[in-house]
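S.K.: Handing you this structure, nothing more for now.
None of the figures in this text is laboratory data; all of them are computed from the coordinates on show. Because the structure is a prediction, the values reported are computed rather than measured. Cβ atoms come from the backbone with ideal geometry, glycine included; neighbour counts cover every protein chain shown.
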Amino acid sequence: MQKDQDPLGRKIGERIVAGGPITFREFMRMALYEPGLGYYTEPGAQIGKAGDFYTSPHLHPAFGQMIAKQIEEMWTVLGKGPFAVIEQGPGKGYLAKDILDHIEAKNGELYDAVTYRLIELNPALESFQDELLDRHQKNKKVFRDARLGETKEEKGMILANELLDAFPVHLVQMRGDELMEVYAGFDAGKGLFYETLAPPSIPEIEEYIREFVPGGRLPAGFYRTEVNLDVRGWLREAGEAFKGGSFLLVIDYGYPAWDYYGPERDRGTLLCYKGHRVSEDPYKEPGRMDITAHVNFSALARWGEREGFRCAGFCPQGTYLVSLGMEDILEGLGQQDILRIKGLLLPGTMGQTHKVMALYKSDLIRAGGPGGAGELPKLRGFAMRNQCKVL
């Protein structure tokens with residue numbers, strides 16, 4: 001909550017002075033996505049070793065190769081033919097490149113059938129992606145969409161790798177046995193942001209608590225956590241992205257609701273990252289650090305059902321990648337490659353903290369095909385451990 005003199009900090013402060021405290025969700029939205037100033041939209045945004053955080057594709061191309069194998073299986077389940085992959089928030093484009101390189105090398109039929117569509121908010125990252133994916137663009141494999149649903153193709157899949165954790169969240173906190181929402185205020189004299197509590201800004205927050213928190217209410221006393229309502233609208237758009245069959249593959253850190261909102265997790269999951277260092281103060285440098293919250297995978301599954309999806313698989317990332325055959329590619333690799341791949345697989349790494357969920361739009365599959373008549377496809381990535389039933 002330190003004094004901040006950068007343009008975005010001033011802009012947020014001026015808005016609060018003019019109109020009063022804003023919900024933390026609105027503060028987070030501006031901090032991350034304010035055009036030209038937010039963390040994900042300003043021209044100097046950095047991801048990877050040189051930036052503030054890295055994702056699985058930064059560790060090793062093998063991650064993208066495994067996702068390519070999953071895409072091939074999904075394409076087969078949906079009857080082959082033209083197939084669109086939509087990746088939202090593609091970062092620098094490493095995952096897209098690794099996927100397309102692998103498909104091109106291993107399955108020419110799929111490469112001919114696939115189009116890879118990027119949804120990116122930051123023009124600076126678009127330039128980096130264009131350079132990295134130049135060859136595939138020339139092959140007319142890579143296209144850009146402004147939002148979900150712009151593709152005209154019947155079938156495909158949506159890929160969300162560490163996307164949902166950056167959706168703005170409402171912060172809630174118990175005051176005794178009363179549910180309150182966290183608002184951001186601003187002291188113009190001191191140049192400091194501060195927090196204040198007030199009743200929930202919208203009734204959907206209390207509805208969410210009743211639906212997903214064990215017992216329908218948060219523990220009395222001090223308890224702070226997050227409510228991500230933006231996921232619901234995103235799932236609605238995802239459900240409308242294809243007229244025919246589709247998959248939605250989400251890879252992110254998070255928990256089922258019963259774990260997310262357990263009594264021991266009384267400080268929530270909100271964290272900030274800058275220079276690969278963790279902070280719990282989102283007000284310190286708005287626009288200059290990443291702000292994240294874990295994903296409630298129970299909400300993904302339940303809200304997904306309302307949009308026509310069904311949970312085809314849910315498990316830790318390490319188990320998922322091993323099921324897809326990640327260990328098969330270790331032979332012949334150097335020590336550095338092996339160490340990086342272990343960072344994708346092992347307990348205490350992304351292999352444990354990150355989860356993978358596959359949702360399947362089964363109601364649009366022709367009755368005689370795979371997944372018809374209510375049957376869910378058995379995807380190889382979840383063969384060892386499918387935890388959909390624990391959600």
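S.K.: Could you give the size of the charge dipole of the chain about its Cα centre, using +1 on the Cβ of each K and R and -1 on the Cβ of each D and E, expressed in debye and rounded to the nearest 20?
M.R.: So the magnitude is around 400 debye.
S.K.: Using a Gaussian network model of the chain with C-alpha springs under 10 Å, which one of Gln137, Gln317, Gln88 is most mobile by mean-square fluctuation?
M.R.: Among Gln137, Gln317, Gln88, the largest GNM mean-square fluctuation belongs to Gln137.
S.K.: Identify unpaired cysteines across the chain, taking unpaired to mean no other cysteine Cβ lies under 4.7 Å from the residue's Cβ.
M.R.: Lacking a cysteine Cβ partner under 4.7 Å: Cys272, Cys315.
S.K.: So, one more: All other residues with a Cβ under 13 Å from the Cβ of Asp259 taken together, and with Lys, Arg as +1 and Asp, Glu as -1, what is their net charge?
M.R.: +1
S.K.: I've got another one for you. List the lysines whose Cα lies under 27 Å from the Cα of Lys342, skipping any in the same chain that are fewer than 8 positions away.
M.R.: Hits, sequence-local ones excluded: Lys49, Lys69, Lys92, Lys97, Lys106, Lys274, Lys355, Lys378.
S.K.: Which angle from 0 to 90°, rounded to the nearest 10, does the C-alpha axis of helix 203-212 make with the longest principal axis of the chain?
M.R.: The answer is roughly 60 degrees.
S.K.: Would you work out the charge dipole size for the stretch 102-248 about its Cα centre, treating the Cβ of every Lys and Arg as +1 and the Cβ of every Asp and Glu as -1, and quote it to the nearest 20 debye?
M.R.: On the way: 18 positive and 27 negative charges, 63 e Å.
Magnitude of the dipole: close to 300 debye.
S.K.: Taking Cα pairs under 8 Å and at least six residues apart, what relative contact order does the stretch 263-334 come out at, in percent?
M.R.: Result for the stretch 263-334 is 19 percent.
S.K.: Can I ask one more? Using Cα positions and a limit of under 19 Å, work out the aspartates and glutamates in reach of Lys190, with same-chain residues fewer than 8 apart set aside.
M.R.: Within reach: Asp4, Asp6, Glu14, Asp281, Glu285.
S.K.: Over the Cα atoms of the chain, each weighted equally, I'd like the Debye log10 I(q)/I(0) at q = 0.07, 0.09, 0.15 Å⁻¹, rounded to two decimals.
M.R.: -0.33, -0.54, -1.45
S.K.: So what is the relative contact order for the chain, in percent, with contacts set as C-alpha pairs under 8 Å and at least six apart? Can you show the working numbers first?
M.R.: Values: 782 pairs, mean separation 78.4, N = 391.
That works out to 20 percent.
S.K.: Something else now. Excluding residues fewer than 8 places away in the same chain, name every one of the aspartates and glutamates whose C-alpha is closer than 17 Å to that of Lys155.
M.R.: Straight-distance partners of Lys155: Glu72, Glu73, Glu87, Glu109, Asp112, Asp145, Glu237, Glu240, Glu307, Asp363.
S.K.: For the stretch 109-196, what does the alpha-carbon gyration tensor say about shape, rounded, prolate or oblate, given a ≥ b ≥ c as the root eigenvalues, a/c under 1.5 as rounded, and a/b over b/c as prolate?
M.R.: Note, shape of the stretch 109-196 comes out prolate.
S.K.: What is the extension gain from Lys140 to Met384, computed as 0.36 nm multiplied by their sequence separation minus the C-alpha to C-alpha distance, in nm to one decimal? Kindly include the intermediate steps, with their values, before the conclusion.
M.R.: Working: separation 244, 0.36 × 244 = 87.84 nm, distance 3.65 nm.
Gain in length upon complete extension: 84.2 nm.
S.K.: Which order do Asp145, Asp112 fall in if you start with the one that has the fewest other Cβ atoms within 10 Å? Present the calculation step by step, with values, prior to reporting the outcome.
M.R.: Working: Asp145 16, Asp112 12.
Ranking Asp145, Asp112 by Cβ neighbours within 10 Å, fewest first, gives Asp112, Asp145.
S.K.: Taking only Cα atoms, what is the 0 to 90° angle, nearest 10, from helix 94-106's long axis to the longest principal axis of the chain?
M.R.: 10 degrees
S.K.: How far is helix 24-33 tilted off the main Cα axis of the chain, in degrees rounded to 10, range 0 to 90?
M.R.: Once rounded, the angle reads 50 degrees.
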